[in-house]
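The values are calculated or read from the model by the stated rules, or taken from the named source; none is laboratory data. Since the model is a prediction, treat every value here as computed from it, not as a measurement. Using ideal geometry, Cβ is built from the backbone for each residue, glycine included, and neighbour counts are taken over all protein chains shown. To get the accessible areas, we keep the full protein, side chains included, count just its heavy atoms, and leave off ligands, DNA and RNA. Shrake-Rupley method; radii C 1.70, N 1.55, O 1.52, S 1.80 Å.
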Amino acid sequence: MRLLLYRADGNTAPWVRDFKAQLPALDVVEWSSRIDASACDYALVWGAPPELLAQLASVKAIFVAGAGVDALFKFGDGLPDVPVVRLGDAGMGVQMAEYVLHAVLRYFRRFDDYENQARDGVWAPLALEEKQAFTVGVMGTGALGTRVLDALGHFGFPRRGWSRTAKHIDGVDCFAGAGELGAFLAGTRVLVCMLPLTPDTNNLVDRAVLEQLPRGAYLINVARGALVAEPDLLALIRSGHIAGATLDVFRNEPLPSPHPFWGEPRISITPHISALTVREDSVRQIVGKINALERGEPVADVVDRTRGY
Ligand code: NAP
Ligand code: GLV
């Protein structure tokens, strides 16, 4: 059995080592012009070029070394019609919970204001926010969004979630679809974007959406940069409608310099690190799925092409 491996960052050696340890029967080959990818049973890719994808029409599945599949689906018909299997959590959920909790607590406890005060040598306790009015709304209640909602629950924040289809999550006010978006936004003090990037979600968080949040709301985007209309966000931060944003992802990455976000003190920037792929957990999950597929069993996290996630 042969797995074709491609990573745009070239960091393949530890992956080969982990596969060898966990599934010795699997022959892992790295893609190069000398490799005939069509002779492989499976592929595992991250950032694959179209010329590689074109060779994968006969693999049993293309595994993606991440949760998001937008970088593959952007090729449209250039992506062969074989099952695409993404990572389901695989160690990313807890990282997302850490990241989002940190950002929510920073705003709720006004650590951002205290950082500014300290820079100016000011010693001045500030009024506490009322927790019951500090509702956190998570857009996307999938594998990672539900993990974040669960973590927020331990700190007593009022929680709401918005998804494509209706959900029931204990202790969370659930909203679904375009028809309930307005109601979801109206009571949300911190908006957390955890949606996949699809044609439906591209630029979803624009001026019209942000203006439905209460004045003084915050935005945290840990999903994909293209979900947010960046000029609209900037304008609403400058007008004071949005009090601050914590952004891990951007339309163009690395975030170019110059970009107005770099100079905006109310925007906190991290370089797409909110949930990194955990190699060992990922290899374990993919090995489990390969074994299941070989036994003819169904596997989780197969991407639905019509939905795009
Ligand atoms: P997931 O399990 O597929 O969950 C996606 C959620 O989004 C689901 O609740 C889905 O609704 C909802 N959704 C999709 N399209 C929608 C629409 N048009 N309107 C309303 N809701 C919609 O995905 P996940 O594993 O939680 O990952 C989410 C995203 O996080 C990934 O796609 C990736 O882009 C991003 N990510 C970023 C990082 C990072 O380091 N920054 C790391 C990992 C992942 P239903 O439940 O109704 O289907
Ligand atoms: C990272 O951004 C991922 O989608 O796993």
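Within the stretch 21-34, residues that are in the same structural domain as residue 288 (by TED's automatic domain parsing) have Cβ atoms under 9 Å from residues that are of a type in the set (Lys, Arg) in these pairs: 22/284; 26/2; 26/20; 27/2; 28/2; 28/20; 29/2; 30/7, counting only partners at least 6 apart in sequence or on another chain. Among residues of the stretch 285-309 that are over 18 Å from residue 142 (Cβ atoms) and open to solvent by 60 Å² or more (accessible area, probe 1.4 Å), those with a Cβ under 9 angstrom from a residue that is outside any loop (DSSP other than H, G, I, E, B) and hydrophobic (A, V, I, L, M, F, W, C), sequence gap 6+ or separate chain, pair up as 298/292. The single condition among (1) of a type in the set (A, V, I, L, M, F, W, C); (2) away from ligand 2 (no atom under 15 Å from the Cβ); (3) in a loop (DSSP other than H, G, I, E, B); (4) within 23 Å of residue 9 (Cα to Cα) that residue 287 does not meet is (3). Scanning the stretch 132-141 for residues that are of a type outside the set (S, T, N, Q) and either part of a helix (DSSP H, G or I) or surrounded by fewer than 20 Cβ atoms within 10 Å (Cβ to Cβ) (or both) yields 133, 134.
Name the residue that is nearest to residue 86 (Cα to Cα), counting only residues in the stretch 185-195 that are out of contact with any Ser or Thr (no Cβ under 7 Å at 6 or more places or on another chain) and buried (at least 23 other Cβ atoms within 10 Å of the Cβ). Among them, the one singled out is 194. Candidates in the stretch 58-101 are the residues that are among the β-branched types (Val, Ile, Thr) and away from ligand 2 (no atom under 12 Å from the Cβ); of these, the one that is farthest from residue 3 (Cα to Cα) is 100.
Picking from residues in the stretch 264-278 that are within 12 Å of ligand 1 (Cβ to nearest atom) and surrounded by 12 or more Cβ atoms within 10 Å (Cβ to Cβ), the one that is farthest from residue 208 (Cα to Cα) is 278. Considering the conditions (1) among the polar types (S, T, N, Q); (2) open to solvent by less than 20 Å² (accessible area, probe 1.4 Å); (3) in contact with a strand residue (DSSP E or B) (Cβ under 9 Å, 6 or more places away or on another chain), residue 198 is excluded by exactly one of them, (3). For beta carbons closer than 7 Å, sequence separation of 6+ or different chains, a first residue in the stretch 256-277 that is within 16 Å of ligand 2 (Cβ to nearest atom) and a second that is assigned to a strand (DSSP E or B), the qualifying pairs are 269/247. Within the span defined as the stretch 146-156, every residue fails to be touching a residue at least 60 places away in the same chain (Cβ under 8 Å) and within 16 Å of ligand 2 (Cβ to nearest atom). Among the numbered conditions (1) open to solvent by 20 Å² or more (accessible area, probe 1.4 Å); (2) within 15 Å of ligand 2 (Cβ to nearest atom); (3) touching a Lys or Arg at 6+ places or on another chain (Cβ under 9 Å), the only one that residue 240 does not meet is (2). Look at (1) in the same structural domain as residue 218 (by TED's automatic domain parsing); (2) on the phi > 0 side of the Ramachandran plot; (3) in contact with a strand residue (DSSP E or B) (Cβ under 9 Å, 6 or more places away or on another chain) and you find that residue 47 fails only one, number (1). The criterion of at least 2 residues that are in contact with a Pro (Cβ under 6 Å, 6 or more places away or on another chain) and surrounded by fewer than 20 Cβ atoms within 10 Å (Cβ to Cβ) is met by none of the strands (runs of 3 or more DSSP E) falling completely within the stretch 15-131. The single residue among 261, 250 that is of a type in the set (Phe, Trp, Tyr), open to solvent by less than 40 Å² (accessible area, probe 1.4 Å) and within 12 Å of ligand 1 (Cβ to nearest atom) turns out to be 250. From the list 148, 84, the one residue that fits, being within 16 Å of ligand 1 (Cβ to nearest atom), of a type outside the set (Phe, Trp, Tyr), closer than 21 Å to residue 278 by Cα and in the same structural domain as residue 285 (by TED's automatic domain parsing), is 84. Does residue 120 count as outside the structural domain of residue 226 (by TED's automatic domain parsing), of a type in the set (Asp, Glu) and out of contact with any Ser or Thr (no Cβ under 7 Å at 6 or more places or on another chain)? So residue 120 fails the test.
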